[in-house]
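The structure appears right after this line, and notes come after that.
The values are calculated or read from the model by the stated rules, or taken from the named source; none is laboratory data. Note that the structure is predicted; figures quoted are calculated from it, not measured. For neighbour counting, all protein chains shown are included, and Cβ atoms are generated from backbone atoms with ideal geometry for every residue, glycine included. All accessible areas refer to the heavy atoms of the entire protein, side chains included, with ligands and DNA or RNA removed. Shrake-Rupley method; radii C 1.70, N 1.55, O 1.52, S 1.80 Å.
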Amino acid sequence: MTSSAFRPATFRRLAPLAALALAGMLGACKGGGGELVVDDSVGVTALRSPCPLVEIPEMTGDITLFSAPGRSDAGAIDVTAAITNLRGTCDDSKGATQLDTAVTFDVLARRTDTRGARRVTLPYFSAVMRGGNVVIAKRLGTITLDFADGQERAQAVGRAGSVVDRNEATLPANVRKLLTKKRKPGQADAATDPLALPEVRAALAKASFEQLVGFQLTDDQLKYNATR
């Protein structure tokens, strides 16, 4: 992929800050049980984990190879592949200074010409994004698919991972206090949504991380995914 193929604002859906604040990520994390546990007298009634969200950026979950240079019509499709079953595990046990996220995913591929055995190697990336728009780390890898003679489909398992500083992914004490402050009917701030406060939104963005996995696409491949 050239540098222009990894523009976060171009190909990915930006999660609203409110959703990031309320996202439990319980299926991907284990250990401490999250950063905030609140009751019904508080405006925010959810659990937030510092673990990164694990996602496939928009338009990078599929790749298409063509049999002839310069062609991108259906008749020239050689191999198609898709990333699926993305799974992440992160241990957010209290006392841990780092949040280690291990990611596995399946790649399902299909070829049009089934004659002969064939090996296809596809590139993919693993990136850590902060605040929805800043890439702080990126690694490249490859995944190999083996087609047997006469076989149309192949499957392989890929792996990725990341390490995030727990302090960087933890909300400041003053923000946690705002989110968990008990509000009663009739109070001046009872109707105020703490997630609407600029300082809270900024803190949530700064403390929100995502582990992204997708195919390492060329400009032409990215354009094909965007226009097909």
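Taking Q216 as the residue in question, decide whether it is modelled with pLDDT of 85 or more and either open to solvent by less than 20 Å² (accessible area, probe 1.4 Å) or touching a Pro at 6+ places or on another chain (Cβ under 7 Å) (or both). Yes; evaluated as a whole, the condition is true for this residue. Filtering the stretch 195-213 to residues that are surrounded by fewer than 14 Cβ atoms within 10 Å (Cβ to Cβ) and among the polar types (S, T, N, Q) leaves nothing. Highlighted here are the strands (runs of 3 or more DSSP E) found entirely within the stretch 58-174 that include at least 2 residues which are exposed (fewer than 13 other Cβ atoms within 10 Å of the Cβ) and among the hydrophobic types (A, V, I, L, M, F, W, C): 134-147, 153-165. When V135 is tested against the conditions (1) in contact with a Phe, Trp or Tyr (Cβ under 9 Å, 6 or more places away or on another chain); (2) under 23 Å from I56 (Cα atoms); (3) at pLDDT 95 or above, the lone failure is (3). Would you mind stating whether M1 is at pLDDT 90 or above, in a loop (DSSP other than H, G, I, E, B) and either over 30 Å from T180 (Cβ atoms) or open to solvent by less than 30 Å² (accessible area, probe 1.4 Å) (or both)? Here the answer is no, as M1 does not meet what is asked.
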